[in-house]
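Colleague: One structure, pasted below without further comment.
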Amino acid sequence: MNWKIHVYGTRGSFPHPGNEYMDFGGNTSCFYLDCGHHLILDAGSGLSSVKEIYRDSAPVHILLSHVHMDHVIGLFQCRAFFEKKREIHIYSKQRNGESIEEQLRKIVTPPYWPVGFDDFKANLFFHTIEDSFEIGHIHVSVAPSFHPDTSCVFRIEDADNCTGYALDYEAAMDQEGRIASFLQNCDLIIFDGNYIPGDEVYGWGHSTWRDAICIRKKSDSKKILISHYGYHYTDQMLKEQELMAKAEDKHCIFAREGMIIES
Ligand SMILES: [Zn+2]
Ligand SMILES: [Zn+2]
């Protein structure tokens, strides 16, 4: 079975709805990976729109690259968390000596939100991950990103498929090309295009579509999906960038909410 990626959140930093953002979308990072499990990459504001997890009551697995707000804000309002017998697994790294459960309990709690994890009805399991772990037949490897506050780059694979996930990653800081080596031979890489070329802010932990093309070629990966757009980039601006990127590499795809891509 070929995996499919369903795009639910394409923005970085915070949600940005509006008429000028309808084409590419205004929700923050969230992707559903159709791989034989309900696997979700990041819990941005797009999480509340994910439909596939309601087809049945199978466990939901949420991989969090890190706990910056734009990647966890969807945890505040996800209907599955209120389903009594639902199993929900949340995976991420330790930060400042704290497990992922300790990190999230600080945010999803009154007075920041009226409900906390103890109010949810689902069976929640928190997994503080190391360098690799399994979800059924799927193997996930984890590499540290180049991003403030420790983000993760994921390599998710089974016998036939391999998807890379490198949002919130600054290519300019990766002098040795560690992530291109880590993501060798992926079918598809979801990649950080927070800045359009020329707008980069060094040290803020983000990249451009031009960096993406470089990583795709260096890693010998088939396709690269650009996402995590700066919130202020309008559809018009992104369409212009998309044309330029396509001219440089036809395997470079700009993510739009609602898109489904076979990997
Ligand atoms: Zn982000
Ligand atoms: Zn971040």
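The values are calculated or read from the model by the stated rules, or taken from the named source; none is laboratory data. As the structure is a computational prediction, the values presented were derived from the model and not from experiment. We place every Cβ from the backbone using ideal geometry, glycine too, and count neighbours over all the protein chains shown.
Colleague: What residue, of ILE73, ILE90, is modelled with pLDDT of 95 or more, buried (at least 20 other Cβ atoms within 10 Å of the Cβ) and touching a Pro at 6+ places or on another chain (Cβ under 8 Å)? Spell out how you get there, then give the answer.
Modeller: Details: ILE90 fails: touching a Pro at 6+ places or on another chain (Cβ under 8 Å).
Criteria check complete, one pass: ILE73.
Colleague: Run down ILE53, ILE62 and say which single residue is under 20 Å from SER145 (Cα atoms) and touching a His at 6+ places or on another chain (Cβ under 9 Å). Please lay out each step first, then the result.
Modeller: Working: ILE53 fails: under 20 Å from SER145 (Cα atoms).
The match here is ILE62.
Colleague: What about ASP23, is it farther than 21 Å from ILE138 by Cα and in a loop (DSSP other than H, G, I, E, B)? Spell out the reasoning first.
Modeller: Details: farther than 21 Å from ILE138 by Cα: yes; in a loop (DSSP other than H, G, I, E, B): yes.
When the stated conditions are applied, ASP23 passes them.
Colleague: Answer yes if at least one residue in the stretch 141-163 is over 28 Å from TRP209 (Cα atoms), assigned to a strand (DSSP E or B) and away from ligand 1 (no atom under 16 Å from the Cβ), and no otherwise.
Modeller: no
Colleague: Does at least one position in the stretch 207-226 carry a residue that is out of contact with any Phe, Trp or Tyr (no Cβ under 7 Å at 6 or more places or on another chain), within 15 Å of ligand 2 (Cβ to nearest atom) and not aromatic (Phe, Trp, Tyr)?
Modeller: Of the stretch 207-226, the ones out of contact with any Phe, Trp or Tyr (no Cβ under 7 Å at 6 or more places or on another chain) are 209-211, 213-214, 216-223.
Filter again for within 15 Å of ligand 2 (Cβ to nearest atom), leaving none.
Scanning the stretch 207-226 turns up no residue that is out of contact with any Phe, Trp or Tyr (no Cβ under 7 Å at 6 or more places or on another chain), within 15 Å of ligand 2 (Cβ to nearest atom) and not aromatic (Phe, Trp, Tyr).
Colleague: Give me the pairs, please: first residue somewhere in the stretch 227-250 and polar (S, T, N, Q), second residue anywhere and surrounded by fewer than 18 Cβ atoms within 10 Å (Cβ to Cβ) and assigned to a helix (DSSP H, G or I), beta-carbon distance under 7 Å, and either six or more positions apart or on two chains.
Modeller: Final answer for the pair search is THR234/GLU20.
Conditions tested, residue by residue: (1) surrounded by fewer than 20 Cβ atoms within 10 Å (Cβ to Cβ); (2) modelled with pLDDT of 95 or more; (3) over 24 Å from HIS6 (Cβ atoms).
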residue: LEU63; (1), (2), (3): no, yes, no
residue: GLN103; (1), (2), (3): no, yes, yes
residue: LYS106; (1), (2), (3): yes, yes, yes
residue: PRO148; (1), (2), (3): yes, yes, yes
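Colleague: Answer with yes or no whether VAL115 is outside any helix (DSSP H, G or I), β-branched (Val, Ile, Thr) and within 16 Å of ligand 2 (Cβ to nearest atom). Write out each step before concluding.
Modeller: Values: outside any helix (DSSP H, G or I): yes; β-branched (Val, Ile, Thr): yes; within 16 Å of ligand 2 (Cβ to nearest atom): no.
Considered against the rule, which asks whether it is outside any helix (DSSP H, G or I), β-branched (Val, Ile, Thr) and within 16 Å of ligand 2 (Cβ to nearest atom), VAL115 comes out as no.
Colleague: Moving on. Regarding ASP199, is this residue among the acidic types (Asp, Glu), in a loop (DSSP other than H, G, I, E, B) and touching a residue at least 60 places away in the same chain (Cβ under 8 Å)? Walk me through how you get there before you give the answer.
Modeller: Numbers: among the acidic types (Asp, Glu): yes; in a loop (DSSP other than H, G, I, E, B): yes; touching a residue at least 60 places away in the same chain (Cβ under 8 Å): no.
For ASP199, the condition - among the acidic types (Asp, Glu), in a loop (DSSP other than H, G, I, E, B) and touching a residue at least 60 places away in the same chain (Cβ under 8 Å) - is not met.
Colleague: Mind listing just one residue for me: the one in the stretch 32-71 that is outside any helix (DSSP H, G or I) and among the polar types (S, T, N, Q) and, of those, nearest to ligand 2 (Cβ to nearest atom)? Working first, answer last.
Modeller: Here is the first cut: in the stretch 32-71, the residues outside any helix (DSSP H, G or I) are 32-44, 50-51, 55-68.
Filter once more, keeping what is among the polar types (S, T, N, Q): 57, 65.
Details: SER57: 32, SER65: 8 Å.
Result: SER65.
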